[in-house]
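Input: a single structure, listed below in structure tokens.
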Amino acid sequence: MIKKCLFPAAGYGTRFLPATKAMPKEMLPVVNKPLIQYGVEEALDAGLNEISIVTGRGKRALEDHFDISYELENQIKGTDKEKYLVGIRRLLDECSFSYTRQTQMKGLGHAILTGRPLIGDEPFAVVLADDLCVNLDGKGVLEQMVDLYKKYRCTIVAVQEVDPSETNKYGVIAGDEIGDGLIRVRDMVEKPAPEDAPSNLAIIGRYILTPDIFKLIEETEPGKGGEIQITDALLKQAKDGCVIAYKFKGQRFDCGGAEGYIEATNFCFEHFYKTGKAY
Ligand code: G1P
């Protein structure tokens with residue numbers, strides 16, 4: 001069964017400068033929790049408790065966040081502030097965390113390949129923490145995908161319909177519908193111009209990958225933007241075997257930019273913070 005979840009987190013977060021100059025973008029708070037914590041909670045809710053993070057220079061705050069702060073805990077022990085740390089303590093108690101560094105930014109495919117020593121030869125999930133995904137009506141997005149993996153035993157990518165003018169921000173797929181919200185991928189293009197896009201179904205930052213993807217990434221030449229694109233490796237996997245795109249249930253906020261970040265903040269304030277579910 002899937003136990004591991006990989007978080008590529010070496011990127012510079014240039015869309016959020018200057019906030020991200022000395023702080024990892026994954027540590028940007030959405031109300032009271034850093035983005036990556038939402039991702040790890042989603043992973044744990046899906047039963048994935050072996051968390052692997054691909055970090056880079058200037059990202060040490062990530063490791064400190066997923067660790068015990070004895071001074072702080074000692075300071076607030078016995079006060080009503082202890083409740084603020086209940087959620088993060090649960091993650092520390094129930095998950096293991098391992099890290100590796102990506103020394104050069106060569107694209108998402110390269111970042112995932114960098115995580116290979118932490119993953120080994122088993123299927124795993126990938127979460128891009130700046131896509132914050134929530135589903136108020138049931139299972140989280142990763143849990144929905146894990147359920148699908150159990151049934152299909154192949155790579156699953158989460159997709160959503162986007163405005164056709166926005167295809168140049170995403171990996172875009174096309175394929176044949178094989179069930180409710182399920183598409184067997186035939187074609188896949190990284191960040192196509194609207195006129196070149198095979199559809200308006202965009203990949204968002206949730207993947208379940210079978211481990212043969214590592215070899216396919218190794219064989220992938222630099223693509224869009226001169227980077228090793230996971231989308232290109234996935235297309236090979238789709239052609240040789242099977243990749244399923246899944247129109248997930250729930251909402252996704254693009255917290256890599258100001259607009260989505262503010263929307264996510266308002267949403268989480270309303271649905272989690274005000275209702276006392278934020279810790
Ligand atoms: C990456 C992927 C892209 C995917 C997107 C989802 O792009 O390359 O295929 O659609 O994540 O957020 P990035 O946003 O890192 O440029």
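Panel note: the C-alpha atoms of the range 208-279, placed on their principal axes, show extents of 48, 26, 21 Å (largest first). In the elastic network of the chain, a GNM with C-alpha springs shorter than 10 Å, the most mobile of E195, E26, E161 is E195.
Taking Cα atoms of the range 21-155, Rg/Rh with Kirkwood Rh, to two decimals?
Result for the range 21-155 is an Rg/Rh of 0.98.
A viscosity of 1.002 mPa s and a temperature of 20 °C, combined with the Kirkwood radius over Cα pairs in Stokes-Einstein, give a translational diffusion coefficient for the range 115-246 of 142 µm²/s. Given points 7 Å out from each Cα along the Cα-Cβ axis, report the I68 to D187 separation in nanometres with one decimal. Each label point is offset 7 Å from its Cα along the Cβ direction, giving 5.6 nm.
Of the trypsin sites (Lys or Arg not before Pro) in the range 5-72, the ones in a loop by DSSP (not H, G, I, E or B) with at most 16 other beta carbons within 10 Å are K21, R57. Taking label points 7 Å from Cα along the Cα-to-Cβ direction, K3 and E259 give a separation of 4.3 nm.
If you take all other residues with their beta carbon under 15 Å from the beta carbon of L182, and give Lys and Arg +1 and Asp and Glu -1, the sum is +3.
Applying a 4.7 Å cutoff between beta carbons, the unpaired cysteines of the chain are C5, C95, C133, C255, C268.
The three principal axes of the C-alpha atoms in the chain carry coordinate ranges of 58, 39, 37 Å, sorted with the longest axis first.
Of all lysines in the structure, the ones whose alpha carbon falls short of 21 Å from that of K215, not counting any fewer than 8 places away in one chain, are K3, K4, K106, K224, K236, K239. Can you give the net charge of the other residues whose Cβ lies under 14 Å from the Cβ of R101, counting K and R as +1 and D and E as -1? Counting the neighbours of R101, the net charge comes to +4.
Can you give the net charge of the other residues whose Cβ lies under 13 Å from the Cβ of L128, counting K and R as +1 and D and E as -1? With Lys, Arg at +1 and Asp, Glu at -1, the net is -1. Averaging Cα coordinates gives a centre for the range 173-206 and one for the range 71-130; these two points are 29 Å apart. Between P123, P24, P192, the GNM of the chain built on Cα springs shorter than 10 angstrom shows P192 fluctuating the most.
Read-outs throughout are calculated quantities, based only on the coordinates presented, and are distinct from any laboratory measurement. Note that this is a predicted model, so its numbers are computed, not measured. Please note: Cβ atoms are built from the backbone with ideal geometry, for glycine as well, and neighbour counts cover all protein chains shown.
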